[in-house]
1. Give the residues of the range 140-161 that are small (G, A, S), in a loop (DSSP other than H, G, I, E, B) and open to solvent by less than 20 Å² (accessible area, probe 1.4 Å), sorted by residue number.
2. Can you tell me which residue in the range 261-279 is farthest from D22 (Cα to Cα), limited to those that are in contact with a Lys or Arg (Cβ under 9 Å, 6 or more places away or on another chain) and surrounded by fewer than 21 Cβ atoms within 10 Å (Cβ to Cβ)?
3. Looking at R198, is it of a type in the set (D, E, K, R) and under 20 Å from the mean Cα position of the chain (by Cα)?
4. Taking K162 as the residue in question, decide whether it is under 21 Å from the mean Cα position of the chain (by Cα), touching a residue at least 40 places away in the same chain (Cβ under 8 Å) and more than 17 Å from C30 (Cα to Cα).
5. Quick check, is S44 without any contact (Cβ under 8 Å) to a residue 24 or more places away in the chain and not aliphatic (A, V, I, L, M)?
6. Identify, from the list A267, A173, the residue that is of a type in the set (A, V, I, L, M, F, W, C) and farther than 28 Å from C336 by Cβ.
7. Filter the range 31-44 down to residues that are open to solvent by less than 40 Å² (accessible area, probe 1.4 Å) and modelled with pLDDT of 95 or more and give me whichever is farthest from Q163 (Cα to Cα).
8. Quick check on the range 236-243. Is at least one of its residues among the hydroxyl-bearing types (S, T, Y), under 30 Å from Q54 (Cβ atoms) and crowded, with 19+ Cβ neighbours inside 10 Å?
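The values are calculated or read from the model by the stated rules, or taken from the named source; none is laboratory data. Here the structure is a predicted model, which is why all the values come from computation and not from measurement. Heads up, the Cβs are rebuilt from the backbone with ideal geometry, glycines too, and the neighbour counts pull from every protein chain shown. With ligands, DNA and RNA removed, areas are computed over all heavy atoms of the protein, side chains included. Shrake-Rupley method; radii C 1.70, N 1.55, O 1.52, S 1.80 Å.
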Amino acid sequence: MSLKQTKPVGPPFWLLAELTYDCPLHCPYCSNPTDLGDKADELSTTHWKEVLTQARAMGAVQLGFSGGEPLLRKDLEQLVEHGRELGFYTNLITSGIGLTAKRIAKLKKAGLDHIQISFQGADPEVNDAIAGRGKAYQQKFEMARQVKAQGYPMVLNFVISKQNITQIPQILALSTELDADYVELATAQYYGWAYHNRDHLLPTKEQLITAEAQVNHYRDQQDGKGPQFIFVTPDYYEDRPKACMNGWGSTFLTVTPDGSALPCHSAKLLPLTFPNIKDKALEDIWHKDFSFNRFRGDSWMKEPCSSCSEKEQDFGGCRCQAFMMTGDMDATDPVCSKSKDKHMINDAIQSASSPSNPLVYREAGRDIALFKL
């Protein structure tokens with residue numbers, strides 16, 4: 001296949017280091033792969049340090065430590081320190097479970113710049129039911145307080161779904177109580193467990209309209225004070241798809257726990273063979289590997305994408321979503337109103353109105369009936 005480039009490939013801006021898929025929570029909206037792999041295959045400290053070194057040499061400036069739960073890696077402080085020495089701006093994306101005031105202090109000493117704590121709900125009952133773990137809310141609340149007390153900006157993330165969308169006013173109040181600086185209210189992205197549980201998670205359009213109006217009203221009442229709220233809606237109710245990772249292989253570089261290098265978090269579900277950092281240098285992977293070049297440019301596009309005036313804005317949409325729904329990774333994202341598969345999105349919305357399958361929490365082989373809110 002010809003892989004014509006429309007512009008030169010620059011360096012990755014952001015490196016996402018998924019240190020482990022292990023996690024103490026069991027959130028049904030998790031977008032990690034449903035096959036979590038073997039913990040024995042996780043990269044060593046030495047491997048991760050080399051990944052960071054190579055990515056920084058290529059020009060990456062933002063470094064995110066994610067998972068699973070990155071706090072489960074005992075070498076997290078070493079990796080933070082190494083990233084800081086290289087000149088990265090370092091971010092920790094965490095559930096807060098396993099965090100302590102002492103560990104926050106150690107991470108700060110190591111040079112960590114930023115901590116983002118996720119919540120599942122605005123109160124212990126809803127939060128812990130979604131997380132599949134008791135007393136998770138209290139731990140998150142206390143650690144959010146500690147993060148702020150130790151001089152970090154308070155950054156919170158709430159994954160919004162049908163399970164908690166009626167709590168928007170309470171979520172806004174909780175964020176203010178915690179003196180948050182930034183709060184992301186992001187609707188679930190339907191990959192991994194979240195795709196399997198989509199019927200239980202996808203809100204109605206009316207619920208989203210109400211939620212967004214509540215956020216906007218709260219912003220108006222703030223008068224420029226308090227948390228800054230970012231409300232991200234799902235693309236299922238749009239006529240144009242989201243731009244896939246700002247363009248496939250253009251901005252983001254993900255390295256998974258076993259060392260696979262990906263152009264996006266979910267790309268491993270595609271029928272492509274992705275390289276491993278144990279076998280190839282990151283620069284070769286980024287610039288030369290077939291998988292990273294597969295959807296760069298527009299020569300891969302079919303109609304209606306190939307002749308669309310908006311193809312340089314949305315890049316044909318999400319490749320993973322197209323593949324999951326149509327079985328064709330070259331297909332137009334079904335979200336697009338020009339797609340012949342748009343009916344699949346409409347069918348998904350209809351199916352979500354009356355789920356028929358049981359909710360599956362994030363744990364292989366564990367089926368749990370959905371609690372009712």
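1. The first filter runs over the range 140-161 and keeps only residues small (G, A, S), leaving 144, 149, 151, 161.
Now restrict to residues that are in a loop (DSSP other than H, G, I, E, B): 151, 161.
Listed by number, the list holds a single entry, S161.
2. Filtering first and then ranking leaves L272.
3. Numbers: of a type in the set (D, E, K, R): yes; under 20 Å from the mean Cα position of the chain (by Cα): yes.
Yes: the conditions hold for R198.
4. Working: under 21 Å from the mean Cα position of the chain (by Cα): yes; touching a residue at least 40 places away in the same chain (Cβ under 8 Å): yes; more than 17 Å from C30 (Cα to Cα): no.
No.
5. Here the answer is yes, as S44 does meet what is asked.
6. Working: A267 fails: farther than 28 Å from C336 by Cβ.
Sole residue among the options that is of a type in the set (A, V, I, L, M, F, W, C) and farther than 28 Å from C336 by Cβ: A173.
7. Residue satisfying both the conditions and the ranking: L43.
8. Step one: filter the range 236-243 for residues among the hydroxyl-bearing types (S, T, Y), giving 236-237.
From the residues that got through so far, the ones that are under 30 Å from Q54 (Cβ atoms) too are none.
The answer is no; no qualifying residue exists.
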